[in-house]
1. What residue among Ile209, Gly120, Tyr150 has its Cα farthest toward the positive end of the dipole of the chain, where the charges are +1 on Lys, Arg and -1 on Asp, Glu, each on the Cβ?
2. Relative contact order for the chain: what percent, with Cα pairs under 8 Å and sequence separation of 6 or more?
3. Which residues in the range 158-200 place their backbone N less than 12 Å from a point set 7 Å from the Cα of Leu231 along the Cα-to-Cβ direction?
4. Is there a quick way to get the dipole size of the chain? I mean about its Cα centre, with the Cβ of Lys and Arg at +1 and of Asp and Glu at -1; what is the value in debye to the nearest 20?
5. Could you tell me what percent of the DSSP beta bridges with both partners in the chain are antiparallel, to the nearest 5?
6. Which one, Thr234, Thr181, Thr104, has the greatest fluctuation when you compute a Gaussian network model over the chain with C-alpha springs under 10 angstrom?
7. Work out the length of the dipole vector of the range 76-164 about its Cα centre, built from +1 on the beta-carbon of each Lys and Arg and -1 on the beta-carbon of each Asp and Glu, and round it to the nearest 20 debye.
8. With a sphere of radius 11 Å drawn around the Cβ of Arg22, what net charge do the other residues whose Cβ falls strictly inside it have (Lys, Arg +1; Asp, Glu -1)?
Amino acid sequence: MSTWGRVLVVVPTYNEIESLERVLGNLHRHVPAVDVLVVDDASPDGTGKLADRLARGDDRIHVLHGTAKSGLGQAYLSGFAWARARHYDVVVEMDADGSHPAETLPAMLDRLVDPDRPVGLVIGSRWVAGGAVENWPARRRLLSRAGNEYARLMLPLRVHDATAGYRAYDAGLLDQITTRTVVSRGYCFQIDMALRAHDAGAGIAEVPIVFRERQTGVSKMSRGIVFEALLRVTQWGIVRLFTPRTAEAARAADGDAPTRSAA
């Protein structure tokens, strides 16, 4: 067993047939020891069947099939539950479109298990020193930066890329977070989970990545996703402003049990 323990990479898919095999192959070239769970959201293009074929040829690959399109958040929640039931030590979120660099995952995992700087969550960040985005138009860059700055303004998060979808969780932290009350379904899910990690008392670290815009398929970004994030961040910020809560009170209100150390 590596110093990282047992690692599961959760890869949600919806119409990713053109990129999935390449992404998983690249992941296992850089980090051969990790397992992968493909959570397919009933893709009509045959992505789920491709995932099944890949799993038959590689015992490191597993597949969960949804019966209808339920969104990014639900796919990750299903993956988290699958991982926790099988006692993985680390759970990673990774996109299936090739935008998240597999070569950076070892550094993210090393940071997560660093005993001298204990954290419960490591984010692959575009907006810290050393991070970058390739092939994004100026409008998309501005939207991402503005959204993250707004989250920092409204919420007690000091991370620079709270919307990032490339991240590694200590499984013990996921055990402490009450995911049954998570209702965010789009990219707001990432802010929601970072906030819950903060409320659980976990340290959050950022490792710079070079984010590359997808070369195939269609982006899932939409006005509805942006509006959901704006609305929920505003609601969370206002509630915390007028009803200040300790982390313990916040967790109790959400139905969580008292937390253990995230380290």
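1. It is Tyr150, whose Cα lies furthest towards the positive end.
2. Numbers: 471 pairs, mean separation 58.9, N = 263.
Over the chain, the number comes to 22 percent.
3. Hits in the range 158-200 for Leu231 at 12 Å: 184-186.
4. Values: 32 positive and 31 negative charges, 123 e Å.
Charge dipole, the chain, about its Cα centre: 580 debye, nearest 20.
5. Numbers: 7 of 30 bridges.
If we restrict to bridges inside the chain, about 25 percent are antiparallel.
6. In this elastic network of the chain, the residue with the biggest mean-square fluctuation among Thr234, Thr181, Thr104 is Thr181.
7. Numbers: 11 positive and 11 negative charges, 83 e Å.
Roughly 400 debye for the range 76-164.
8. Details: positive: Arg29; negative: Glu16, Glu18, Glu21, Asp97.
Overall, the nearby charge balance is -3.
The numbers here are math on the coordinates, done by the rules we state, and not lab data. No experiment lies behind these values; they were computed from the predicted model shown. Counting neighbours? That spans all protein chains shown, and the Cβs are built from the backbone with ideal geometry, glycine included.
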